[in-house]
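What follows is a set of notes on a single structure, which appears directly below.
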Amino acid sequence: MIASAELRIGDVSGLLLRPDDARLLCVLAHGAGAGMRHPFLEAIARRLAERGVATLRYQFPYMEWRARRPDPPGVAAATVRAAVAEAARLAPGLPLVAGGKSFGGRMTSTAQAEEPLPGVRGLVFLGFPLHPPGRPGDSRAEHLGQVHIPMLFLQGTRDDFADLKLLRPVVKRLGARASLHLVEGGDHSFKVLKRSGRTDGEIMGDLVEAIVEWSTGIV
């Protein structure tokens with residue numbers, strides 16, 4: 001059985017999805033343009049639950065109040081920290097990992113780099129936004145050198161937010177604590193071209209399997 005509960009984390013909303021056999025809780029933040037109920041995160045959370053991984057999704061303040069621009073890093077990082085603390089309170093004894101889609105993953109690593117998130121054993125990036133489209137660079141990854149727990153980068157090979165010629169060296173510099181899992185032909189939303197012959201469901205299964213396998217090695 002999978003239990004679902006809506007909750008409040010300070011001034012923002014959260015959603016806990018927890019299977020009876022949960023062995024891990026993943027704190028998931030949304031991307032810049034869509035909230036915690038985006039179909040992508042909904043599907044990831046549901047499939048993770050089927051594999052014994054609970055999830056706590058949550059809103060950043062700007063999304064909660066429908067502002068146009070994402071919160072500044074300080075506000076976003078504080079929200080990440082509050083969500084992780086709430087996850088630990090709701091599921092004492094369950095190991096924690098944290099991360100999210102694009103902006104949400106980057107803000108999670110920003111928080112971790114500033115001060116380790118209590119109880120978090122690893123970070124998951126569902127499309128790390130290394131740079132804006134058409135403006136290649138790797139300055140957004142500089143803070144990752146201050147992250148000393150395992151990191152999993154899930155990345156599409158057609159992602160225009162992360163040129164692989166730049167991302168691969170970033171991951172290599174991080175050494176054994178970083179893993180890169182590529183989705184062949186995937187864009188920033190992990191959509192693949194029809195001619196690939198792969199369905200959205202297959203891609204989602206691939207992502208979840210990668211998360212489950214990686215997490216088994218760190219908890």
Among the residues of the range 127-139, is there at least one that is among the aliphatic types (A, V, I, L, M), closer than 29 Å to Ser196 by Cα and part of a helix (DSSP H, G or I)? no
Only one of Gly145, Gly119, Gly185, Gly127 is out of contact with any Gly (no Cβ under 9 Å at 6 or more places or on another chain) and at positive phi; which? Gly119
Does the range 146-166 contain any residue that is of a type in the set (Gly, Ala, Ser) and either at pLDDT below 95 or more than 17 Å from the chain's Cα centre (by Cα) (or both)? no
Based on what the data block shows, is Lys191 in contact with a Phe, Trp or Tyr (Cβ under 8 Å, 6 or more places away or on another chain), closer than 25 Å to Ala34 by Cα and either modelled with pLDDT under 95 or of a type in the set (Lys, Arg) (or both)? no
Return only the number of the condition from (1) closer than 22 Å to Ile44 by Cβ; (2) not in a strand (DSSP E or B) that Pro118 does not satisfy. (1)
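Where residues in the range 194-219 are of a type in the set (Val, Ile, Thr) and farther than 20 Å from His38 by Cα, which of them is modelled with the lowest pLDDT?
Val219
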Single unsatisfied condition, Arg68 versus (1) assigned to a loop (DSSP other than H, G, I, E, B); (2) within 21 Å of Glu115 (Cα to Cα): (2)
Can you name the condition, by its number, that Gly175 falls short on among (1) farther than 23 Å from Ala45 by Cα; (2) surrounded by 16 or more Cβ atoms within 10 Å (Cβ to Cβ)? (2)
Kindly check whether there is at least one residue in the range 189-211 that is closer than 24 Å to Gly122 by Cβ and in a strand (DSSP E or B). no
When only residues in the range 56-71 that are under 23 Å from Met151 (Cβ atoms) and within 16 Å of the chain's Cα centre (by Cα) count, which is surrounded by the most Cβ atoms within 10 Å (Cβ to Cβ)? Tyr58
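This table checks each residue for (1) in a helix (DSSP H, G or I); (2) under 27 Å from Arg140 (Cα atoms); (3) of a type in the set (D, E, K, R); (4) at pLDDT 95 or above.
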site: Glu6; (1), (2), (3), (4): no, no, yes, yes
site: Leu25; (1), (2), (3), (4): no, yes, no, yes
site: Phe40; (1), (2), (3), (4): yes, yes, no, yes
site: Thr55; (1), (2), (3), (4): no, yes, no, yes
site: Met63; (1), (2), (3), (4): yes, yes, no, yes
Looking only at residues in the range 72-108 that are without any contact (Cβ under 8 Å) to a residue 24 or more places away in the chain and either assigned to a loop (DSSP other than H, G, I, E, B) or among the hydroxyl-bearing types (Ser, Thr, Tyr) (or both), which one is surrounded by the fewest Cβ atoms within 10 Å (Cβ to Cβ)? Gly93
If Ala111 satisfies every condition in (1) in contact with a Lys or Arg (Cβ under 6 Å, 6 or more places away or on another chain); (2) assigned to a loop (DSSP other than H, G, I, E, B); (3) not aromatic (Phe, Trp, Tyr) but one, which is the exception? (2)
List the pairs whose first member sits in the range 141-169 and is over 22 Å from Gly185 (Cβ atoms), whose second member is hydroxyl-bearing (Ser, Thr, Tyr) and crowded, with 16+ Cβ neighbours inside 10 Å, and whose Cβ atoms are under 8 Å apart, counting only residues at least 6 apart or on separate chains? His143/Ser109; His143/Thr110; Leu144/Ser109; Val147/Ser109; Pro150/Ser179; Met151/Ser109; Met151/Ser179
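Output the residue which, of all residues in the range 140-172 that are of a type in the set (D, E, K, R) and in a helix (DSSP H, G or I), is surrounded by the most Cβ atoms within 10 Å (Cβ to Cβ).
Arg140
The values are calculated or read from the model by the stated rules, or taken from the named source; none is laboratory data. Remember, it's a predicted structure, so these values are computed and weren't measured experimentally. Note that we place each Cβ from the backbone using ideal geometry, even for glycine, and neighbour counts take in every protein chain shown.
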